Amino acid sequence: MNNWRKLSDLKIGESAVIEEFSDDFLSLKFLEMGCLPGESITLERIAPMGDPIIVNVSGYLMTMRKSEAKTILVSYLGSA
Amino acid sequence: MSSKPVKIALAGNPNSGKTTLFNSLTGLNQKIGNFPGVTVDKKTGKCILPNGREAILTDLPGTYSLYPKSIDESVTHKVLCNPADSDFPDIIVVVADGSNLKRNLLLATQIIDLKIPCILVLNMMDLVLKQKKQINIECLSQKLGIKVISMNARESKGILDLKTAVQEPLEKPAFSIYDIQLSSPDFSSDINALFKNSTNSAYSNYQLACNFKLSEEKEHESDIKTIAEIIHKHSFNEKQHQNDETLIRYKFISDLLFNCSSSEHLVEQNNFTSKADKILTHKIGGFLIFVGIMFLIFQTIFNLSVYPMQFIEWSFIQLSISVSSLMPPGILNSLIVDGVIAGLSGIMIFIPQIAFLFAFIGIMEDTGYMARVSFIMDRLMRKFGLNGKSVIPLLSGTACAIPAIMATRTIGNWKERMITIMVVPLISCSARIPVYTLLISLVIPSSKLLGIFNLQGIALLILYLIGFAGAIAAAFVFKLILKSKERSIFIMEMPVYRAPRWSSIGLTIFEKTKTFVFEAGKVIIAISIILWGLSSYGPSDDFAKIEQKYKKNPNATEVEEKMASDKLEASYAGRFGKAIEPAIKPLGFDWKIGIALITSFAAREVFVGTMATIYSVGDPDNTSSIRKKMSADTNTITGKKTYSRATGISLMVFFAFALQCMSTLAVTLRETKHWKWPLYQFLFMGAMAYVASFIVFNLFK
């Protein structure tokens, strides 16, 4: 519907703004850990075997699997 | 002043420095127990306040919010939300990482709304200063309605401030930040009506209802039913409500930080962490470094712990010599020396290795490296039904399965946790080392391969590798068998790298080792007394006959040793050994090994001591003489050597796989809370051992 992307589609160094969560089960966990709509999020690293990933959000680093990152919809900002 | 100690609970996010604060408040005055009904470590400690009053502190498991998502977190919920709980605090100290306030304040605002007197501690203020951020403590305190204290890990000023603050009379928080009576009035008033006797706030009543629902306890059965009806009546959507609540709280926090702190958005990247991550989580380098570190750790553990282990061994020999000479000979003497002291020595001997391993794991966790290990290993572990977090228990398993199984509690997913518990005992633990050492020296020549590698060393390495391979294979099978609808999540914080805090690590080593000694110790001593009974008694006239036989020359040591050996054969243990001989014959074992298999059930290393008794070696610590007698032993029927290479290798493989450890079964039962899990564990590992030994024996025969 809009040109939102999934967090899992970002490349290393790219940033985006969190828009919405597509999974009810995970959204609360994400919110509690500081992934809020409107917050900018940067992909920092990808694990050696391609999964999971490390992102920088609200000033700290967190890790999640790609399958989990898929449920965070973001609007693309560009690369830092 | 008042004599009744004040109960204080420490709550906070993971990595907020909560445990460090707990350690510096209580020092060595702490103990690890259990929260009633669940198997979560409960750390409590005492501290004396400046006015002389005593405070009892509880270190609650770290959590990001009151709504629990793992067993650990549900403990925090239960203690804080149920006033009837025995650990319900007089005061809650909320510890928040000052350098990451926004996320840390979420839990703080939830706790404030519970309306229990509380104090907010802003930790890691040194980091905040480094980031050139400013936080107005006075402003925070006013807007949150509670006392706020800033704390710097490097200074003790904050500690004194905190101690002074908790001894003064504290009011309940002044106002609510989120009010469920406003957002869901009808639902909330029905819940309030349910707890009509309580004077609590609507929010704490709601959390109490949540707690009843989560606990599923029998005593609250009717309440749980009523709560379900209320939820249904108002079609109250819990998930939606929790989401909305969280967002409202964050809105409050944003405004708060806008007013009370500077440059929240200009957080400087931690350069060191990002540089270190480039190396430590590198595609190839990351794995290589991990393997290298593991190799170094094992080398250090095994090389360094030899000396304290020898000392402990020597001390226990001295102790048993002096006890047996001080007491009159007889049953009591034998019970104390061969039962109790032998059992005690069997536990104490592992303290050095376990302490070293906990030290390394502690350093890896404290520096933040362990989170990276989970990160790089998750993909691989997932293939086998495990989780990145399973790496820690599997590594701890090389010291001892007991603390390793206890370390699985951080794995939130039920299936992944169960699989980890089930396969951990397959990892070769330190108790197998004495058995391996004896058998390797018996059947593997000490010659060199390619002129560099010692064959015996390679054999030991192979035994470790088949343990790991066995664990991975078993995990894969369990992944296919176990059914679970629960989703596996791997969302966690990556702490920044920092220097280890040695005093905190020291305390952890001390506490964990103590827990191991007491947990495993109880079982091992009990079993070793039972085994002592089984091997010291037999059907009555058999023993009398043996004594008669050797009566003529009672003083010579050699005769005494032979008599002991004959007695063991005639004892109940000996009879068991003979009874199971047909079953273990296909593996190349005779009844003597059968006895040792039974006795080594107390703990694997008992195998060596049993062999010493069977082959009537007076001094059980003289390994070379046990080896000589064992290698000279021949089968009375076939005339062949008992310990052929095939039998020796088969026995080693058996020990690598079989669950020869009562304490492990006990801890599995405690952690899984159902007897079927230790039973499965025992049976599948036994089957693996039997099949593998059978194959190996026939290959080498």
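The table for this structure:
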| read-out | value |
| --- | --- |
| Once the Cα gyration tensor of the protein assembly as shown is diagonalised, semi-axes √(5λ) in Å | 55, 30, 25 |
| Prolate/oblate/rounded call for chain B, Cα gyration tensor, a/c under 1.5 rounded | prolate |
| Cubic angstrom per residue, convex hull over Cα atoms of the range B:115-218 | 167 Å³ |
| Cα-centre dipole for the range B:455-539 with unit charges at Cβ (Lys and Arg positive, Asp and Glu negative), debye to 20 | 260 debye |
| Shielding by other protein chains, B:377-385, mean Cβ within 10 Å | 3 |
| Members of B:K578/B:K628; B:K383/B:K522; A:K6/B:K283 lying beyond 30 Å, as alpha-carbon distances in this model show | B:K383/B:K522 |
| Shielding by partners, peptide A:35-46 (average Cβ within 10 angstrom, other chains) | 3 |
| Extension gain (nm, one decimal) between B:D633 and B:I363, 0.36 nm per residue minus Cα-Cα | 92.4 nm |
| Chain A: C-alpha gyration tensor shape, a/c 1.5 cut-off, then a/b vs b/c | rounded |
| Gain on full stretching of the segment that runs from B:F476 to B:K251 - 0.36 nm per residue minus C-alpha separation | 76.5 nm |
| Distance (nanometres) between label positions extended 7 Å along Cα→Cβ at B:E581 and B:L214 | 5.9 nm |
| Accessible surface, the range B:54-110, averaged per residue in Å² (probe 1.4 Å) | 19 Å² |
| Chain B - mean residue ellipticity at 222 nm from DSSP helices (-39,500 (n - 2.57) per run, n ≥ 4, rounded to 500) | -19000 deg cm²/dmol |
| Virtual spin-label span in nm between A:N3 and B:I284, 7 Å along Cα→Cβ | 3.9 nm |
| Accessible surface of chain B [probe 1.4 Å, protein heavy atoms]: carbon and sulfur percent | 63 percent |
| Full-stretch length increase - B:A84, B:A228 - with 0.36 nm per residue and alpha-carbon distance subtracted | 49.7 nm |
| Calculated FRET efficiency for the pair B:V559/B:A499, C-beta based, R₀ 60 Å, to 0.05 | 0.45 |
| Zone of B:N237's modelled label, taken as backbone nitrogen in the range B:170-203 under 18 Å from a point 7 Å along Cα→Cβ | B:183-188 |
| Spin-label proximity, A:K11 to the range A:50-74 - amide N less than 14 Å from point 7 Å beyond Cα toward beta carbon | none |
| Relative compactness, the range B:1-144, computed as alpha-carbon Rg over 2.2 N^0.38 Å | 1.04 |
| Set of aspartates and glutamates with alpha-carbon distance to B:K278 below 14 Å, sequence-local pairs under 8 removed | A:E44 |
| Lys, Arg +1 and Asp, Glu -1 on Cβ, resulting dipole of the protein assembly as shown about Cα centre, debye, nearest 20 | 1880 debye |
| Computed E for A:E19/B:E54 - FRET, C-beta separation, R0 56 angstrom, nearest 0.05 | 0.60 |
| Summed buried accessible surface, chains A and B, 1.4 Å probe, nearest 100 Å² | 3600 Å² |
| Orphan Cys of the protein assembly as shown, criterion: no other Cys C-beta under 4.7 Å | A:C35, B:C47, B:C81, B:C118, B:C210, B:C400, B:C429, B:C661 |
| Helix-only [θ]222 nm of chain A, DSSP H runs n ≥ 4, -39500 (n - 2.57) each, per residue, nearest 500 | -4000 deg cm²/dmol |
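The values are calculated or read from the model by the stated rules, or taken from the named source; none is laboratory data. It should be emphasised that the depicted structure is a prediction, and the values quoted were computed from it without experimental measurement. Using ideal geometry, Cβ is built from the backbone for each residue, glycine included, and neighbour counts are taken over all protein chains shown. Ligands, DNA and RNA are excluded from the accessible area calculation, which covers all protein heavy atoms including side chains. Shrake-Rupley method; radii C 1.70, N 1.55, O 1.52, S 1.80 Å.
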